Amino acid sequence: MSTLEFFPKRTFSIRLYTLTRDGVEIGQIDCGGMRQPATLMVGGASYNPVSEGVLRKKFHLDAGGVRIADIELGGTFSRRYMVHAGTKTYTLKLASWSGRSFALMENDVEVGRIARSGFFTARCRAEFPDDLALPVQAFLIWLVLITWRRQAVMAGIVAGGAAAGSQ
């Protein structure tokens, strides 16, 4: 089992993350912004995670024009993703009601997990099978990070709407 930790590069950053293994930095994730593409830097190489379509239901990871992995949303209201990496197919699914933990499944058996390390910390931990390539591991972490960002935005919209409606 390969264990990675990831955390914001700066305090309160939701865009730049540092990836470490055994306390040693092995890469960085730039989640991108409104007009800036996301970038994964792993082992000195640069990878480009791309979301496709208006509803952003499909994602792929490219390196030098070569597609390494594909991910697609399992359903419209589902928090389940189908991951195709090489010859293997995994399912990345929500593992907790709070949305703070995701399980990586292969043939309905949990083979990995991505979760926050604690309630009041920005540090997170990911465990993956040893045979899953490091760029694909970073790609899955990126997907979970943008899912968490979307959840935070939606929570703010709902809270703001509720506050406006109570006046």
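What follows is calculated from the coordinates using simple rules that are stated; it is not laboratory data. The model shown is predicted, which means the values in this text are computed figures rather than measured ones. Here the Cβ positions follow ideal geometry from the backbone for every residue, glycine too, while neighbour counts run over all protein chains shown.
By counting other Cβ atoms within 10 Å of each Cβ, how are Phe7, Phe59, Phe102 ranked from fewest to most? Don't jump to the answer; show the numbers that get you there.
Working: Phe7 15, Phe59 22, Phe102 25.
Neighbour counts put them in this order, fewest first: Phe7, Phe59, Phe102.
Which links in Lys9/Lys88; Lys58/Lys93; Lys9/Lys57 stretch past 25 Å when you go from one Cα to the other?
Working: Lys9/Lys88 32 Å; Lys58/Lys93 15 Å; Lys9/Lys57 27 Å.
Beyond 25 Å between Cα atoms: Lys9/Lys88; Lys9/Lys57.
What ranking of Ser13, Ser51 emerges when the number of other C-beta atoms within 10 Å of each C-beta is taken as an exposure proxy, fewest first? Please report the intermediate quantities before stating the final value.
On the way: Ser13 13, Ser51 17.
Sorted ascending by nearby Cβ count, the order is Ser13, Ser51.
Using Cβ contacts closer than 10 Å as the measure, can you line up Glu106, Glu25 from fewest to most?
Values: Glu106 15, Glu25 9.
By the 10 Å Cβ count, ascending, the order reads Glu25, Glu106.
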